[in-house]
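Enquirer: This is the structure I have questions about; it appears just below.
Since every read-out is calculated from the coordinates, none of them should be taken as a lab result. Predicted model, so just to flag it, every value in this text is computed and none were measured. Cβ: placed from backbone, ideal geometry, glycine included. Neighbour counts: every protein chain shown.
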Amino acid sequence: MKKLLIYFKGYIKETLLGPLFKLLEASFELLVPLVIARLVDRYIPHNDKNHLYLMIFFLILLALLNIIVAIFAQYFSARAAVGYTKKLSQDLFEKIMRLPKESRDKLTTSSLVTRLISDTYQIQTGINQFLRLFLRAPIIVFGSVLMAFFISPRLTVWFLAMVAALFLLVYLLSVVVNPLYAHLRRLTDEIVSLTREQLEGNRVIRAFGQVQAEEKNFQENNETYTNWQLKTGRLATLITPLTYFFVNATLIIVIWQGQLAIADNVLTQGMLIALVNYLLQILVELLKLTMMLSSLNQSFISAKRINQVFEQKEENITQALPLETVKEDIVYKLENVTFTYPHAASPVLQDISFTVPNASFFGIIGGTGSGKTSLIQLLMHLYVPQKGRVSLFQKHRSAETLKEWRQWVRLVPQKSELFQGTIRSNLTLGIKEEVTDKALWQALDMAQALDFVNEKKGKLNAQVEAFGRNFSGGQRQRLTIARALLQKSPVLILDDATSALDYLTETKLLSAIKQNLKDTVLIMVSQRTNSLLQADNILVLDQGRQLALASHEQLLETTSLYQEIHYSQHPQEEAARES
């Protein structure tokens, strides 16, 4: 938690001035009952108008000063809270971006979004309330008790008993409510995850007529969240009526005992009014204090969730990788690789071994769940295998750092990722040096994207909506392929990145890559055997195991699974073979 304290740096002045102005405000308020007591006891009974007007003017002056210092206090407290949260959110976002994929999977995307948005805002609210009340409320409470002691030590005993009872009540409620707040944050993660899933899969939900089912699912989750929120709210709101009960009970006792003291000439009417005013001030401040403690409890829970992210180990892209030497002219070398996802019951890949020669076309195929994408993530060094070794070479030299590894490999993933901006900004993503329009058009030409980009108003400067919503699936895939082709690397990986393209467009694309990038290794994952006809070698995966490694013709002769995949896509060939 010490990590989170450093974000007050740069806002030390505001952090100090906010509470100090609140301290002044509290001091002015504590004077008011004494002035009223003097008015009632001295100036009103004697009809001393000069002093009466002077005291009224003094009360107005105190009110004006109170307003001024309250404005300054609110300003500095808000400035400190907002500034703190701004820096915290920025660092939290940067931390999330530097987390290894394994940590992001463990924390989940929806939970990270909640921590970045909701939890940071909860901390901001807690800081703001704390800076405004942590000096004011105790000063008013204990100052009122102290003033009451000077007026009547005997009646002050009831003040002390009331304050002690209320603090005990707040403590007991905090012990009960805090775990409920923590559970609510977890339920918020689940609601965000469900909403994100439903919004992103909206078209699929509608296509399969699952709108009512998803609405029911969301309603059930929302009802669970609501029930926990109500349960927590009922317990948390008990503090207000119980506070009123204790204060009003004390008020009755003070008025009763005060009247007896007045009858015995031990106390004056003005003093009793002052005692009642101090009691009411304590009531108001205790209500504010309970609100602050409730907010601080939630902020503390949010701070622990955010601190959990900061405690995660970052992906060090500059850390040196083990150096290897190889005589063969190869790019990738996998030796007995076995990989299991965190918390998974069994390996997703087991005993995978192969090499990828330089300037070759390497295909990967297999059924659903066979481990194709998992293998690609190992090739990208997004995960590290538990057993075996994955090596990447260029010109007989292995990658020295993770940063260099990633620079040598360009990936076009299954899901086309486009960002809000323009076609130009999406194509040049991650490129620091200036890129000419000629290079952009060449990449688009190779990716078979010239036709629809030319038709767009603004062409390279045409707008791209978030997630590329204003483009079709095939257009998004071709734009992401063009982005990868623009960045020259010895390895290009297409992870089922042509699934939305027709056979003719895909054939043109692969021919253009082969013709223009002769020294580049192309690793292609595909469900279609037609896409891999020209591959030098094709790796066939089955339930995470390496079933075969050969060319298309050899696999058709020797591997039954490959035959099933191929002939299911070409029934006419199977019919001709059987005949």
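Enquirer: Just to check I understand the Karplus step: with θ = phi - 60° and J = 6.51 cos²θ - 1.76 cosθ + 1.60, what whole-Hz values come out for the stretch 25-31, glycine and proline as x?
Expert: 4, 5, 4, 5, 5, 5, 6
Enquirer: Continuing with the same structure: In the chain, if the dipole is taken from +1 on Lys/Arg beta carbons and -1 on Asp/Glu beta carbons about the Cα centre, which of T268, V32, I330 is farthest to the positive end?
Expert: Positive-end residue among those listed: T268.
Enquirer: Moving on to the next point. To the nearest 10 degrees, how steep is helix 49-98 against the longest Cα principal axis of the chain, on a 0 to 90 scale?
Expert: With both axes taken from Cα atoms, the answer is about 20 degrees.
Enquirer: Which of the aspartates and glutamates could a cross-linker bridge to K22, judged by Cα under 20 Å and excluding same-chain residues fewer than eight apart?
Expert: List returned: E14, E285.
Enquirer: With the dipole of the stretch 2-310 worked out from charges on the C-beta (+1 for Lys and Arg, -1 for Asp and Glu) around the Cα centre, which of L235, N222, A303 lies farthest toward the positive end?
Expert: A303
Enquirer: Determine, from the Cβ-Cβ distance of Q90 and N222 and an R0 of 45 Å, the FRET efficiency 1/(1 + (r/R0)^6), rounded to the nearest 0.05. Before the final figure, lay out each step's value.
Expert: Values: r = 32 Å, r/R0 = 0.70.
Taking R0 as 45 Å, the efficiency between Q90 and N222 is 0.90.
Enquirer: Here's a follow-up. So how do 508-517, 297-306, 474-483 stack up, highest first, on mean other-Cβ count within 10 Å?
Expert: Numbers: 508-517: 16.0, 297-306: 20.6, 474-483: 24.3.
Result, highest mean first: 474-483, 297-306, 508-517.
Enquirer: Let me ask another. Sequence-distant or interchain residues sharing an amide H contact under 5 Å with L411, placed H: which?
Expert: Correct list: I493.
Enquirer: Moving to a separate point now. Roughly how many debye, to the nearest 20, is the charge dipole of the chain about its Cα centre, given +1 on each Lys and Arg Cβ, -1 on each Asp and Glu Cβ, and no other charges? If you can, show how the numbers build up before the last one.
Expert: On the way: 60 positive and 51 negative charges, 376 e Å.
Using Cβ point charges on Lys, Arg, Asp and Glu, the chain gives about 1800 debye.
Enquirer: Let me ask something additional. Compute the orientation-averaged projected area for the stretch 2-310 from the convex hull of its Cα atoms and round it to one decimal in nm².
Expert: Values: hull surface 82.3 nm².
About 20.6 nm², averaged over all directions.
Enquirer: Search the structure for amide H atoms under 5 Å from the amide H of V331, placed 1.01 Å from N in the peptide plane, and list their residues when 5 or more places away or on another chain.
Expert: Result for V331 returns V356, N358.
Enquirer: Sort out for me the Cα centre separation of the stretch 297-375 from the stretch 118-182, rounded to whole Å.
Expert: The distance from the Cα centre of the stretch 297-375 to that of the stretch 118-182 comes to 52 Å.
Enquirer: Counting DSSP beta bridges in the chain, what percent are antiparallel, to the nearest 5?
Expert: Among the beta bridges of the chain, antiparallel pairing accounts for roughly 50 percent.
Enquirer: Which value at 222 nm does the chain reach when only helices count, each DSSP H run of 4 or more adding -39,500 (n - 2.57), with the total divided by all residues and rounded to the nearest 500 deg cm²/dmol?
Expert: Values: 22 runs with 361 residues, N = 579.
So the calculated ellipticity at 222 nm is -21000 deg cm²/dmol.
Enquirer: I want to check the label-to-label distance for F142 and K403. Put each point 7 Å from Cα in the C-beta direction and report it in nm to one decimal.
Expert: The modelled label-to-label distance comes out at 5.3 nm.
Enquirer: If you line up the Cα atoms of the stretch 422-579 on their principal axes, what length do they span on each, largest first, in Å?
Expert: 55, 29, 29
Enquirer: Filter the chymotrypsin sites (Phe, Trp or Tyr not before Pro) in the stretch 179-254 down to the DSSP loop ones having no more than 12 other Cβ atoms within 10 Å, then list what survives.
Expert: When the chymotrypsin sites (Phe, Trp or Tyr not before Pro) of the stretch 179-254 are filtered for loop state and at most 12 Cβ neighbours within 10 Å, F208 remain.
Enquirer: Follow-up question, since we're still on this one. Nothing charged except the Cβ atoms of Lys and Arg (+1) and of Asp and Glu (-1): what's the magnitude of the dipole of the stretch 400-462 about its Cα centre? Round to the nearest 20 debye. Mind dumping the intermediate values first?
Expert: Numbers: 10 positive and 9 negative charges, 38 e Å.
It works out to roughly 180 debye.
Enquirer: Given K216/K304; K438/K508; K95/K395, which pairs have Cα atoms separated by over 28 Å? Could you put the intermediate results ahead of the total?
Expert: Working: K216/K304 33 Å; K438/K508 20 Å; K95/K395 34 Å.
Cα-Cα > 28 Å for K216/K304; K95/K395; rest within.
Enquirer: Within the chain, what's the longest run with no GluC sites (Glu not before Pro) in a DSSP loop and at most 16 other beta-carbon atoms within 10 Å? Give the range, please.
Expert: Between exposed loop sites, the widest span is 1-310.
Enquirer: If one puts a single equal scatterer on every Cα of the stretch 435-503 and applies the Debye formula without solvent, what log₁₀ I(q)/I(0) results at q = 0.13, 0.27, 0.29 Å⁻¹?
Expert: -0.36, -1.42, -1.50
Enquirer: On to the next question. Given V390, F134, A449, which one lies farthest toward the positive end of the charge dipole of the chain, if we put +1 on the Cβ of every Lys and Arg and -1 on the Cβ of every Asp and Glu?
Expert: Ranked along the dipole, the leading option is F134.
Enquirer: Ratio of alpha-carbon Rg to the 2.2 N^0.38 Å globular estimate for the chain, to two decimals, please.
Expert: Working: Rg = 35.5 Å, N = 579, 2.2 N^0.38 = 24.7 Å.
Normalised Rg, Cα atoms only: 1.44.
Enquirer: Using unit Cβ charges (K, R positive; D, E negative) and no other charged atoms, how large, in debye to the nearest 20, is the dipole of the stretch 207-270 about its Cα centre? Can you show the working numbers first?
Expert: Details: 3 positive and 5 negative charges, 32 e Å.
Computed about the Cα centre, the dipole is about 160 debye.
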